[in-house]
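Engineer: Starting off with a structure, shown below.
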Amino acid sequence: AGRLAYAMTGEDNSRHLAAVEGIRAVGGYLFAHPDAAARIAPDAMVYYPQGFHLAAALLDTFLRSSTAPGGPASTLNHYLGWALAAYALLVLAVVWAAGRVAGRLLDPLRAFALAGAVTALALGSELTRFVVYGYPGESLGLALTAVLVALVCRPVGRTGPQLCLLGALCVGVGFAYLMFLPVAGVLAAAWLGRN
């Protein structure tokens, strides 16, 4: 009951849970199966960016070793686990990006202090609303955007791998949460123009 009440704060978690389970039920993106999706997920979620939802549904299917729906408590627990994993990835990406941008200025003690400070800020700031109010797609998209920012600020040594990384990150951002794609595109274009 406590987890259910927690997931209903702001109501977005319930919609995202329905989208994940809808994708598992129809076997793909909801917008590709609108008639079947209408019976499972809210109308607003049929055309919502579904990168996180597809990834969570696919990983959950592997975890369960079945496409059959799980029980309500199990399904909620799995969804909350994937949402927390997306947020944890965001925190790790921001910590890594801060260290990457700082680069050679960090000795081990400063690196540890920076990682601790960034983690504390991420866990004690407004970013935690991503979990509470149910923004798992934004968490995943922002994690990829943070990595992209770090690689634009401090590129890898060779041009070929840098192009591949920026291209893959732009595709990942578009997959995870396409509303961040204009920012990712401008960052990638700025790096291309500079180089």
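The values are calculated or read from the model by the stated rules, or taken from the named source; none is laboratory data. None of these values were measured; they are calculated from a predicted model. With ideal geometry, Cβ positions are generated from the backbone for all residues, glycine too; neighbour counts draw on all protein chains shown. We work out accessible area using only protein heavy atoms, side chains counted, and drop any ligands, DNA or RNA first. Shrake-Rupley method; radii C 1.70, N 1.55, O 1.52, S 1.80 Å.
Engineer: For the chain, give the magnitude of the charge dipole about the Cα centre (Cβ charges: +1 Lys/Arg, -1 Asp/Glu; no others), in debye to the nearest 20.
Structural biologist: On the way: 12 positive and 9 negative charges, 131 e Å.
Its charge dipole is roughly 640 debye.
Engineer: Ignoring ligands and nucleic acids, what accessible area does TRP96 show with a 1.4 Å probe (Å², nearest 10)?
Structural biologist: Surface open to solvent at TRP96 totals about 120 Å².
Engineer: How far is helix 108-123 tilted, in degrees, relative to the longest principal axis of the Cα atoms in the chain, given as a value from 0 to 90 rounded to the nearest 10?
Structural biologist: Helix 108-123 sits roughly 30 degrees off the main axis of the chain.
Engineer: Further question on the same structure: Could you order TYR135, TYR47, TYR177, TYR79 by accessible surface area, starting with the largest, using a probe radius of 1.4 Å? Present the calculation step by step, with values, prior to reporting the outcome.
Structural biologist: Details: TYR135 70, TYR47 160, TYR177 25, TYR79 5 Å².
Heavy-atom accessible area, descending, gives TYR47, TYR135, TYR177, TYR79.
Engineer: In a GNM of the chain with a 10 Å cut-off on Cα contacts, which of GLY174, GLY27, GLY103 has the highest mean-square fluctuation?
Structural biologist: GLY103
Engineer: Something else: Note down the accessible area of VAL26, probe 1.4 Å, to the nearest 10 Å².
Structural biologist: Using a 1.4 Å probe on the heavy atoms, I get roughly 30 Å².
Engineer: On to the next question. Could you tell me what percent of the accessible area of the chain is made up of carbon and sulfur, with a 1.4 Å probe and every protein chain present? Mind showing how you got there, number by number?
Structural biologist: Working: 7200 of 10280 Å².
Carbon with sulfur: 70 percent of the solvent-accessible area.
Engineer: May I pose another question? Need one value: the accessible area of PHE52 in square angstrom, 1.4 angstrom probe, rounded to the nearest 10.
Structural biologist: The accessible area of PHE52 comes to roughly 10 Å².
Engineer: If contacts are Cα pairs under 8 angstrom and at least 6 residues apart, what is the relative contact order of the chain in percent? Display every interim value, and only then the final one.
Structural biologist: Details: 222 pairs, mean separation 45.8, N = 195.
Relative contact order here is 23 percent.
Engineer: Taking amide H atoms as placed 1.01 Å from N in the peptide plane, list the residues 5 or more away in sequence, or in a different chain, whose amide H sits under 5 Å from that of TYR29.
Structural biologist: Those lying under 5 Å, H to H, from TYR29: there are none.
Engineer: Using only the alpha-carbon atoms, how far is helix 51-64 inclined from the longest principal axis of the chain? Give it as 0 to 90 degrees, nearest 10.
Structural biologist: For helix 51-64, the angle is close to 70 degrees.
Engineer: Tell me the net charge near LEU114. Cut-off is 15 Å between Cβ atoms, LEU114 excluded, with +1 for each Lys or Arg and -1 for each Asp or Glu. Present the calculation step by step, with values, prior to reporting the outcome.
Structural biologist: Values: positive: ARG100, ARG104, ARG110, ARG154; negative: ASP107.
With Lys, Arg at +1 and Asp, Glu at -1, the net is +3.
Engineer: What does the charge count near ARG24 come to, summing +1 for each Lys or Arg and -1 for each Asp or Glu among other residues with Cβ under 10 Å from its Cβ?
Structural biologist: Details: positive: ARG64; negative: GLU21, ASP60.
Spelling it out: positives minus negatives among the neighbours equals -1.
Engineer: Report, to the nearest 10°, how far helix 12-26 tilts away from the longest principal axis of the Cα atoms in the chain, using its own Cα long axis and a range of 0 to 90°.
Structural biologist: Relative to the chain, helix 12-26 is tipped by roughly 70 degrees.
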